[in-house]
1. Look through the stretch 1-31, keep the residues that are open to solvent by 80 Å² or more (accessible area, probe 1.4 Å) and closer than 30 Å to R131 by Cβ, and return whichever of them is modelled with the lowest pLDDT.
2. Give the number of residues within the stretch 40-78 that are within 30 Å of W13 (Cβ to Cβ), among the charged types (D, E, K, R), free of Cβ contacts under 8 Å to residues at least 24 places away in the same chain and surrounded by fewer than 11 Cβ atoms within 10 Å (Cβ to Cβ).
3. Considering the stretch 102-130 alone, what residues qualify as being over 20 Å from the mean Cα position of the chain (by Cα) and open to solvent by 100 Å² or more (accessible area, probe 1.4 Å)?
4. Taking the conditions exactly as written (outside any loop (DSSP other than H, G, I, E, B) and either touching a residue at least 24 places away in the same chain (Cβ under 8 Å) or not basic (K, R) (or both)), does V134 satisfy them or not?
5. Tell me, please, whether a residue that is within 30 Å of S26 (Cβ to Cβ), in contact with a Pro (Cβ under 7 Å, 6 or more places away or on another chain) and surrounded by fewer than 10 Cβ atoms within 10 Å (Cβ to Cβ) can be found in the stretch 80-101.
Amino acid sequence: MEGGCGSDVPGHWYSLSTDLNPNWSSHYVSQPEIRAYWEELYFKYDLPSQTQLGHMVVQSQWDSEAHLYHITVKEVATGQTKQIEAEIMINAIGGFMNPVFPKDIEGVEKFRGSVWHSARWRHDVDLKGKRVAVIGNGCSA
């Protein structure tokens, strides 16, 4: 793969066992191809009807008698809260909830380019024709 974003993990590891994808275009697939696979599953299983974007969980409590979670969610834009119930609750905050920058890179204070953490991607910065450095642990292709 030349340029762009991709995975340094073989593509077959991105396939669910229930929905294998034997048609990855290469051993290490591109980000758009991985995204297309997951978006296809998202719509195949009608997950949009179960997804609440722009909300945050304020509280959750397991009810052992009813075998349900009682969850309070807040709509971020309005501050309105509501109660929902779920049989399954997945904590999917990700590994980059609080980005960390290395403190020991000599000369970093002299750098005049844009700097940001991948967890807070800067879509307003045009990278065309620019040299880009990725610093850190677990950097992908």
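1. M1
2. 1
3. Once the filter is applied, which keeps residues that are over 20 Å from the mean Cα position of the chain (by Cα) and open to solvent by 100 Å² or more (accessible area, probe 1.4 Å), the stretch 102-130 yields K103, D104, E106, E109, K110, F111, R112, K128, K130.
4. Details: outside any loop (DSSP other than H, G, I, E, B): no; either touching a residue at least 24 places away in the same chain (Cβ under 8 Å) or not basic (K, R) (or both): yes.
No; evaluated as a whole, the condition is false for this residue.
5. No - not one qualifying residue is present in the stretch 80-101.
The values are calculated or read from the model by the stated rules, or taken from the named source; none is laboratory data. Since we're looking at a predicted model, the values are computed, not measured. Counting neighbours? That spans all protein chains shown, and the Cβs are built from the backbone with ideal geometry, glycine included. SASA here: full protein model, heavy atoms, side chains in, ligands and nucleic acids out. Shrake-Rupley method; radii C 1.70, N 1.55, O 1.52, S 1.80 Å.
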